[in-house]
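Enquirer: Have a look at this one before I ask anything.
Just so you know, all these numbers are worked out from the coordinates, no wet-lab data involved. Not measured: the values here are computed from a predicted model. FYI the Cβ positions are ideal-geometry reconstructions off the backbone, even for glycines, and counts take in every protein chain you see.
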Amino acid sequence: MPYSGIVHGTEGAEPVEISIANETDTSLDCRAALAHWYSDELGRIAPGDRLTVTLWHDGETGVLNLMNATDDRMPVEAIWCASDAARARLDLPMTAGPMKTGPMTAGKAAASLHFSCKSGDEAGLSCATAGE
């Protein structure tokens, strides 16, 4: 029997544009951690470049979703970017999924979130919210 809990399409969800600027001197690979220990490649960012992806926020449940090739919603647990030497998790204001321990954020989401990844001596790599 196929899994019946999959939500198909973006009806009732609002787009949230996530942009990640690479301010390091090395390429970064960014991935989304999805429910049930899966991950999906978001993209590779060259030094000085920016990656932009669209997630879909369900205001009723608070879930941020990445859409797959067949337009199924895939709940996002986390987003991280990594170089060969370090890895950093992006601090999303709303995350969801079955493994989340805290409350989900329902209601209206920001239309866009901007992050800037920088290398540092102590942290190795940090990807913080960028003010625009």
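Enquirer: Separation between the residue 118 and residue 60 pseudo-spin-labels, each 7 Å from Cα along Cα→Cβ, expressed in nm?
Expert: 4.2
Enquirer: Calculate, in nm to one decimal, what residue 36 and residue 6 gain on full extension: separation in residues at 0.36 nm each, minus their alpha carbon distance.
Expert: Gain in length upon complete extension: 9.5 nm.
Enquirer: Related question: Under a crude label model (7 Å from the Cα following the beta-carbon direction), how far is residue 91 from residue 72 in nanometres?
Expert: Label-label distance for residue 91 and residue 72, simple model: 3.4 nm.
Enquirer: If you don't mind, another one. Quick one: which residues, 5 or more positions from residue 49 or on another chain, have an amide H under 5 Å from its amide H? H modelled 1.01 Å from N in the peptide plane, none for Pro or chain starts.
Expert: Correct list: 22.
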